[in-house]
Amino acid sequence: MENWRENQEIIVMEGRIKVPYTWAAGEVGTRYLETLRDQRKFMGTRCPRCEIVYHPPRRNCPDCFEECEDWVELGSQGELQSYTVVRRHHPQLSPLPLPFAYGIIKLDGADTGFLHILSDFQEGELAVGSRVEAVFAEEREGNIRDVLFFRPVKGVD
Amino acid sequence: MEPVAIVGVGMTEIMDNHLASNYADLVFEASQKALADAGMTIDQVDNVITISNDFFDGRTISSMAVMDACGSYDKNVSTVEGDGTFGAFYALMRVLSGSYETCLVCAHHKGSEGVMSLITNAMFDPIYERSLGIDAITSAALQARVYMERYGVSEEECALVSVKNHGNAFKNQVAQLPLKLTVEEVMASPYISDPLKLLDCSPVSDGASALILASKSRARQITEKPVWVKGVAHCCDAFHLGDRDLSSTRALEEAARKAYAMAGISDPGREIDVVELYDAFSYMELMWLEGLGFCERGEGGKLTSSGETAMDGRLPVNPSGGCLSGNPVVVAGLNRIIECALQVRGDAGEHQVEGVRTAIAHGINGPCGQSHCVWIMGGEA
Ligand SMILES: [Zn+2]
């Protein structure tokens, strides 16, 4: 075996797994995405028991397990709870050219944060607790990328 | 809890690319090592748990494909998709059920064969999150930011973890990435997703591990050095990152509280001799030390700066080098348990900590430590 290995590179199979798939957004997700697309508005759902407003909207409160039936309109601005400026571009994943950032944004009227992209900012301009606003796509298709990105609200402390 | 013991352990070397072994070969090697360590034959194992992840393996039902390699014919086998600490928990419950005497637990991972960022992107919600391109590193960076800002933890304090753990790895024969580093070198490594730099992140790794659990009566027949499970618990937090306070370790605190209560530990700082925790990123070691109750919230950096968690400190943390020095995902948590078992036995070799009586192993599952599993082990039943 040892002699055999000296002259033999290990053979490596190459492949690519590509399986078409669909993910139903469900009634709650569809109402949310439709409102985003047609009215450029964010919606959340409120837990009837603990009154937490969830964004993205949830069918049930993960905290107390009640069904969330109340819909609440949220602002398109909010507070940046965390951010990270991405420094390494990934050809298949990165949604925008560098520099862009990921942020967790708590929209006005919501009690939870949600994940989105940040762009159109200066180096050093992003800060935890700072105000950001949504920039919508002109052509909207009913998905989370109908919001192109969030950016710092200009001229406000 | 009825006493259950770890009676045999085996790890392959952790490498950036185990080219000469496929998945099954790695599982066979780890299983053989665990059996040899226990002085058992495969016939004496009465059930098997395998731990793997289909996306990482690039195949469905990945757990079943390695059954041949861990001697599962004619045995009751089951599988866990998640970290090794959770797979071992399932094995423990099987032994505690009284239906089984000995359980072989195997975990395998070859990070070299997939694309880590694409695979970890797929753990996020396909409707709201995945198309944004988030992955394990960028999501961890969001957690690091919140944690560090809330408590005023510096990048240098995180860098110290990387310096310590890569340094410890020199004495661990299975570690992938021993590095002699300074804080300055970690700080000078390129940002991947700030505040995380290259040397704050664990490497992509290949490896497999196995351990054997046995009931009290069987354990005493099998080995003179059983390592007893004194306490174990796991606890889960919210899935959506925005639902959680990412700087909080509430799930870990709850898991630790339950495990300590089970083990009769009231002052972990005094009663625990060594810790092996899941440091996928340097900041995580600081957070998990706090969650495990070794210091106040936000004080993990100070604890590390003080030298207490160093190899020669009062509470050595990750003497193996941790996940920063080799991170075969899902195997990594099982390795934390195995390392603790070796420490309790006094068999850890060059990275043996002196006088270990009680050890803690810790694993995580889900984005940014969504779920935590805590194991407390000792030399006496
Ligand atoms: Zn509720």
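What shape does the stretch B:202-361 have by the C-alpha gyration tensor, where a ≥ b ≥ c are the square roots of the eigenvalues, rounded means a/c under 1.5, and otherwise prolate means a/b greater than b/c and oblate the rest?
Numbers: a/c = 1.39, a/b = 1.37, b/c = 1.01.
Since a/c stays below 1.5, the shape of the stretch B:202-361 is classed as rounded.
Among the listed pairs B:K33/B:K171; A:K154/B:K302; A:K18/B:K75; A:K41/A:K154, which are separated by more than 29 Å between their Cα atoms?
On the way: B:K33/B:K171 20 Å; A:K154/B:K302 38 Å; A:K18/B:K75 34 Å; A:K41/A:K154 20 Å.
Too far apart for the 29 Å limit: A:K154/B:K302; A:K18/B:K75.
Name the shape class, rounded, prolate or oblate, that the alpha-carbon gyration tensor gives for the stretch B:167-280, where a ≥ b ≥ c are the square roots of its eigenvalues, rounded holds for a/c under 1.5, and otherwise prolate holds if a/b is larger than b/c and oblate otherwise. Before the final figure, lay out each step's value.
Values: a/c = 2.17, a/b = 1.37, b/c = 1.59.
Cα axes put the stretch B:167-280 in the oblate bin.
Let me confirm one metric for peptide B:188-198, namely the mean number of other chain beta-carbon atoms within 10 Å of its residues' beta-carbons. Don't jump to the answer; show the numbers that get you there.
Numbers: counts 0, 0, 2, 5, 4, 7, 7, 2, 2, 1, 2.
Counting Cβ atoms of other protein chains within 10 Å of each residue's Cβ and averaging gives 3.
Based on DSSP H runs of at least 4 residues, each adding -39500 (n - 2.57), what is the mean residue ellipticity at 222 nm of the protein assembly as shown after dividing by all its residues, to the nearest 500 deg cm²/dmol?
Details: 15 runs with 150 residues, N = 538.
Estimated from H runs of four or more residues: -8000 deg cm²/dmol.
Round to the nearest 0.05 the FRET efficiency obtained for B:S97 and A:D38 when R0 = 56 Å and r is the Cβ-Cβ distance. Can you show the working numbers first?
Details: r = 55 Å, r/R0 = 0.98.
That pair, B:S97 with A:D38, gives E of 0.55.
Evaluate E = 1/(1 + (r/R0)^6) for B:T41 and A:Y21, where r is the Cβ-Cβ distance and R0 equals 45 Å; express this FRET efficiency to the nearest 0.05.
On the way: r = 44 Å, r/R0 = 0.98.
E between B:T41 and A:Y21, to the nearest 0.05, is 0.55.
What's the magnitude of the charge dipole for the stretch A:26-152 around its Cα centre, counting Lys and Arg as +1 and Asp and Glu as -1 at the beta-carbon? Answer in Debye, nearest 20. Please report the intermediate quantities before stating the final value.
Working: 15 positive and 21 negative charges, 81 e Å.
So the dipole magnitude of the stretch A:26-152 works out to roughly 380 debye.
Please give the peptides B:95-107, B:291-303, B:206-218, A:88-100 ranked by average Cβ packing (other Cβ atoms within 10 Å per residue), highest first, as a rough proxy for protection.
On the way: B:95-107: 22.0, B:291-303: 20.2, B:206-218: 26.2, A:88-100: 14.0.
Per-residue mean Cβ counts within 10 Å order the peptides as B:206-218, B:95-107, B:291-303, A:88-100.
With a ≥ b ≥ c taken as the square roots of the eigenvalues of the C-alpha gyration tensor of the protein assembly as shown, please select rounded if a/c is under 1.5 and otherwise prolate if a/b is larger than b/c or oblate if it is not? Write out the running numbers ahead of the final one.
Details: a/c = 1.67, a/b = 1.58, b/c = 1.06.
Prolate, because a/c is 1.5 or more and a/b exceeds b/c.
Using 1/(1 + (r/R0)^6) with R0 = 25 angstrom and r between the beta carbons of A:H89 and B:V183, what's the FRET efficiency to the nearest 0.05? If you can, show how the numbers build up before the last one.
Working: r = 28 Å, r/R0 = 1.11.
Efficiency at R0 = 25 Å is approximately 0.35.
Amide H neighbours of B:K197 under 5 Å, at least 5 residues apart or on other chains, H built in the peptide plane: list them.
Under 5 Å from the amide H of B:K197: B:I192.
What does the average come to when, for each residue of peptide B:142-148, you count the partner chain Cβ atoms lying within 10 Å of its Cβ?
Values: counts 10, 3, 2, 10, 6, 1, 1.
Across the residues of B:142-148, the mean count of other-chain Cβ atoms within 10 Å is 5.
Could you give the length gained by full extension between B:M1 and B:R314, i.e. 0.36 nm per residue of separation minus their alpha carbon distance, to one decimal place?
Values: separation 313, 0.36 × 313 = 112.68 nm, distance 2.95 nm.
Result: 109.7 nm gained on full extension.
What angle do you read, to the nearest 10 degrees and between 0 and 90, between the alpha-carbon axis of helix A:26-39 and the longest principal axis of chain A?
The answer is roughly 70 degrees.
Any chance you could run the full-extension gain for B:L118 through B:K302? It's 0.36 nm times the residue separation minus the Cα-Cα distance, nm to one decimal.
Details: separation 184, 0.36 × 184 = 66.24 nm, distance 3.53 nm.
Going from the current span to full extension adds 62.7 nm.
Shielding by partners for A:5-11, please: the mean number of other protein chain Cβ atoms within 10 Å of each residue's Cβ. Write down the numbers at each step before the final one.
Values: counts 1, 0, 0, 0, 1, 6, 1.
The mean count of partner-chain Cβ atoms within 10 Å per residue comes to 1.
Counting Lys +1, Arg +1, Asp -1, Glu -1, what net charge surrounds B:E285 among other residues with beta carbon under 9 Å of its beta carbon? Don't jump to the answer; show the numbers that get you there.
Values: positive: B:K164; negative: B:D279.
Combined, the nearby Lys, Arg, Asp and Glu give 0.
So who's got an amide H within less than 5 Å of the one on B:G231, skipping anything under 5 residues away but keeping other chains? H placed 1.01 Å off N, in plane.
It is B:I376, by chain and number.
Just so you know, all these numbers are worked out from the coordinates, no wet-lab data involved. This structure is a prediction, so every number in the text was calculated from the model and none was measured. Methodologically, a virtual Cβ is constructed for each residue, glycine included, from the backbone with ideal geometry; neighbour enumeration extends over all protein chains shown.
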